[in-house]
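The values are calculated or read from the model by the stated rules, or taken from the named source; none is laboratory data. Keep in mind it's a predicted model, so treat the numbers as computed, not measured. Note that we place each Cβ from the backbone using ideal geometry, even for glycine, and neighbour counts take in every protein chain shown. The area values use the complete protein model at the heavy-atom level, side chains included, leaving out ligands, DNA and RNA. Shrake-Rupley method; radii C 1.70, N 1.55, O 1.52, S 1.80 Å.
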Amino acid sequence: MATTHKTRMLIIGSGPAGLTAAIYGARAGLQPIVVQGLQPGGQLTITTDVENYPGFRDAIQGPWLVQEMQAQAEHVGTRMIWDTITEVDLSGPPFRATGDSGDVYEADVLIISTGAQAKWLGVEGEQELSGKGVSACATCDGFFFRGKKVVVIGGGNTAVEEALYLTNHSTDVTLIHRRDSLRAERILQERLLAHPNITLLWNKAVERFAGEGVLQRIELVDTVTGERVEEPTDGAFVAIGHAPATELFKGKLELDENGYIVVEPGTPKTAIPGVFACGDVMDHTYRQAVTAAGTGCMAALDAERFLAEHDFAAKHAHAAQ
Ligand code: NDP
């Protein structure tokens, strides 16, 4: 039977942003509910070695890190619920969300941390060799290719920034793009073209990632001539964009041209008082577990302040009656 869950703080999404918001919310006595979503734990659950989350001398595993965050959130008083929100009503407070289960969640503040997903090419070998040479994040995994040959696929700002970043680790970086001009900003293009360790392969589409257990080569097709070529490589970074999980909020919250939730600059505040957004759903620039956790903390602190002001105003209105 469908149930209505009432809470002071509802958090939609269970990656580092949502779980950090939960830890802060729970420690402030708000007894938050986290609705976990389709991929509980978010992008960290599909990552292997993590070496850039502070506090751990040796590499840790992404799924382990997020499990620890969840255990910590529960330990301080968070309720985790395995459900997927299919509808939201932001006309509150109270704000209402309805789950796939039929359950309804009612809250005084809403924190949106539904995250984003890297777009993949969808070609043969890509998922099989993911974490074995194929990656969607140079900042996360570039270090593992120190002194090796790497390629980046894409022609936007992300692809160019990733190629430039990878030159910190590798002297043999190739950018592969399906057309003969880049979409990236001019200044980034200039830096890329001037870099002695970056080669460009124009008009090439990836057909297959191949290798015995680990990535060894990429099979490409020329988009103009149809000619097939192979490019040997140790690492491949797919950088063709990210898709924020904001379908639920279309028409209800302001989204930018790429679908990210618009927040007041430097804060997690949306245009609706009491509704906050944190992590990759509002950040297309940094996209790191640690920055997601940071904005999750900010969202919870701002939510607490909102509740305190709200409670104060309500008490005064009551006293004046
Ligand atoms: P973009 O959408 O800007 O670029 C995606 C690139 O991937 C395009 O070059 C596109 O090719 C290519 N691509 C898409 N699908 C495929 C496919 N199936 N096969 C091969 N290639 C494909 O995404 P970004 O992540 O680069 O940027 C997203 C937004 O974030 C942009 O607004 C960008 O400006 C911003 N951003 C800003 C940064 C900054 O200011 N420093 C840093 C990073 C991102 P094609 O060009 O042919 O369509």
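Give the angle, between 0 and 90 degrees and rounded to the nearest 10, that separates the Cα long axis of helix 16-27 from the longest principal axis of the Cα atoms of the chain. Long axis of 16-27 versus the principal axis of the chain: about 20 degrees.
Taking the Cα centre of the range 121-178 as origin and assigning +1 to Lys and Arg Cβ atoms and -1 to Asp and Glu Cβ atoms, the resulting dipole is close to 180 debye.
Within a Cβ distance under 14 Å of Ser14, other residues only, what is the Lys/Arg minus Asp/Glu net charge?
Value of the local net charge: -3.
Taking only the Cα atoms of the range 240-303, the radius of gyration and Dmax are 11.1, 34 Å. Computed in the context of the full set of protein chains, the accessible area of the chain at 1.4 Å probe radius has 50% of its extent on carbon or sulfur. Over the chain, with a Gaussian network built from C-alpha contacts below 10 Å, which listed residue (Gly122, Gly25, Gly154) shows the highest mean-square fluctuation? Of Gly122, Gly25, Gly154, the Gaussian network model singles out Gly122 as fluctuating most.
Mind giving me the FRET efficiency for Arg305 and Arg146? R0 is 25 Å, r the Cβ-Cβ distance, nearest 0.05 is fine. FRET efficiency, Arg305 to Arg146: 0.05. In degrees between 0 and 90, to the nearest 10, how far off the longest principal axis of the chain does helix 62-75 point, with axes built from Cα atoms? The helix 62-75 is inclined about 10 degrees to the chain. Think of a 1.4 Å ball rolled over the protein heavy atoms: the chain then has 50 Å² of accessible area per residue. Taking 0.36 nm per residue of separation and subtracting the current Cα-Cα distance, fully stretching the chain between Gln61 and Asp180 would add 39.0 nm.
Counting only cysteine Cβ atoms and a cutoff under 4.7 Å, the chain contains unmatched residues Cys278, Cys297. May I ask you to derive the FRET efficiency for Val290 and Thr267 from their Cβ-Cβ distance with R0 = 22 Å, giving the value to the nearest 0.05? With a Förster radius of 22 Å, E is 0.75. Peptides 83-93, 232-242, 140-150, 257-267 ranked from most to least packed give 232-242, 140-150, 83-93, 257-267, packing being the mean of other C-beta atoms within 10 angstrom over each peptide's residues. Put the Cα centre of the range 8-27 next to the Cα centre of the range 216-249 and the gap is 35 Å. Straight-distance candidates among the lysines for linking to Lys149, with alpha-carbon spacing under 30 Å and chain neighbours fewer than 8 residues away dropped: Lys119, Lys132, Lys204.
Volume of the convex hull of the chain (Cα atoms only), normalised per residue: 153 Å³. Placing a label point 7 Å from the Cα of Leu201 along the Cα-to-Cβ line, the residues of the range 156-177 whose backbone N sits under 11 Å from it are 174-177.
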